[in-house]
1. Restricting attention to the stretch 53-72, which residues are open to solvent by less than 80 Å² (accessible area, probe 1.4 Å), under 16 Å from LEU26 (Cβ atoms) and either more than 12 Å from the chain's Cα centre (by Cα) or touching a residue at least 60 places away in the same chain (Cβ under 8 Å) (or both)?
2. Of the numbered conditions (1) modelled with pLDDT under 95; (2) of a type outside the set (Phe, Trp, Tyr); (3) within 15 Å of GLN70 (Cα to Cα), GLY34 fails exactly one; give the number of that condition.
3. If I ask for residues that are hydrophobic (A, V, I, L, M, F, W, C) and over 11 Å from LEU12 (Cβ atoms), which ones from the stretch 22-72 would you list?
4. Please specify each residue of the stretch 21-42 satisfying the condition of being open to solvent by 30 Å² or more (accessible area, probe 1.4 Å), of a type outside the set (S, T, N, Q) and touching a strand residue (DSSP E or B) at 6+ places or on another chain (Cβ under 6 Å).
5. Name the pairs whose Cβ atoms lie under 6 Å apart, with the first residue in the stretch 23-39 and among the hydroxyl-bearing types (Ser, Thr, Tyr), the second open to solvent by 60 Å² or more (accessible area, probe 1.4 Å), and 6 or more positions between them or separate chains?
6. Where residues in the stretch 43-52 are of a type outside the set (Gly, Ala, Ser) and open to solvent by less than 60 Å² (accessible area, probe 1.4 Å), which of them is nearest to SER18 (Cα to Cα)?
Amino acid sequence: MSRYRNAPSPTLYVRNISDRVRYDDLRRLFQKYGKIVDVTIPLDYYSGNPKGYCFIEFEDPRDAEKAQYQMV
């Protein structure tokens, strides 16, 4: 029996990131866990500064799970 109710998500929510972190920095950091489909860094509508969190989408949900447990 799976420990998930639904299929595991291939996307990680990463919080408390620096406002100086860039797309390439995150891609380089997480690519060692598997193939990355997309990195999204939401920006504040008014200031244009990063909001302090991001989403890392992996091709395989198992890679996202591996990254989650290795990065803790």
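The values are calculated or read from the model by the stated rules, or taken from the named source; none is laboratory data. Remember, predicted model here, so these are calculated numbers, not experimental data. Reconstructed Cβ throughout: ideal geometry from the backbone, glycine too, with neighbour counts over all protein chains shown. Each accessible area value is taken on the protein alone, full model and side chains, heavy atoms only, with ligands, DNA and RNA left out. Shrake-Rupley method; radii C 1.70, N 1.55, O 1.52, S 1.80 Å.
1. Within the stretch 53-72, the subset open to solvent by less than 80 Å² (accessible area, probe 1.4 Å) is 53-58, 60-61, 63-65, 67, 71.
Imposing the further condition that a residue be under 16 Å from LEU26 (Cβ atoms) reduces the set to 53-58, 63-64, 67, 71.
Of everything in the stretch 53-72, nothing turns out to be open to solvent by less than 80 Å² (accessible area, probe 1.4 Å), under 16 Å from LEU26 (Cβ atoms) and either more than 12 Å from the chain's Cα centre (by Cα) or touching a residue at least 60 places away in the same chain (Cβ under 8 Å) (or both).
2. (1)
3. LEU29, VAL37, ILE41, LEU43, VAL72
4. Passing the criteria: TYR23, ARG27, VAL37, ASP38, ILE41.
5. TYR33/LYS66
6. Filtering the stretch 43-52 for residues of a type outside the set (Gly, Ala, Ser) gives 43-46, 49-51.
Filter once more, so that each one left must be open to solvent by less than 60 Å² (accessible area, probe 1.4 Å): 44, 50.
On the way: ASP44: 14, PRO50: 8 Å.
Checking each candidate, the answer is PRO50.
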